[in-house]
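One structure below.
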Amino acid sequence: MVARRYRRRGGEIDIIARDGPTIVFVEVKTRSGRDFGGGGDAVGPFKRRRLAAIALDFLARHRLTEAPCRFDVVAIELVDDEPRIELFQNAFDVE
């Protein structure tokens, strides 16, 4: 793990990690039910743009602008107090 709760103006990235040479920005979403959709559904276009902006800030501050990167989402659903964890690797692209 490279960083946790990387905060900048406009939000935070929950986890920043490395997968070989790739910098991985991870958003973690926890839900206690599906009334408002699953955890992965909570990362819509607005949230994606905010994550991308914070990721660019991280890359620039750490002089990693040439490093490959990706965005993952970890969705945690609590069912009868038991977590169901699902990983969406390369969940979205930045346009």
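Arg18 satisfies every condition listed in (1) surrounded by 14 or more Cβ atoms within 10 Å (Cβ to Cβ); (2) modelled with pLDDT of 90 or more; (3) among the charged types (D, E, K, R) except (1).
Tell me, yes or no, whether the range 68-89 has at least one residue that is assigned to a loop (DSSP other than H, G, I, E, B) and surrounded by 12 or more Cβ atoms within 10 Å (Cβ to Cβ). Scanning the range 68-89, I find no residue that is assigned to a loop (DSSP other than H, G, I, E, B) and surrounded by 12 or more Cβ atoms within 10 Å (Cβ to Cβ), so the answer is no. None of Phe92, Phe36 is aromatic (Phe, Trp, Tyr), surrounded by 13 or more Cβ atoms within 10 Å (Cβ to Cβ) and modelled with pLDDT under 90 except Phe92.
The values are calculated or read from the model by the stated rules, or taken from the named source; none is laboratory data. Just so it is clear, the structure is predicted and the values come from calculations on it, not from any experiment. Backbone-built Cβ (ideal geometry, glycine too); neighbour counts: all protein chains shown.
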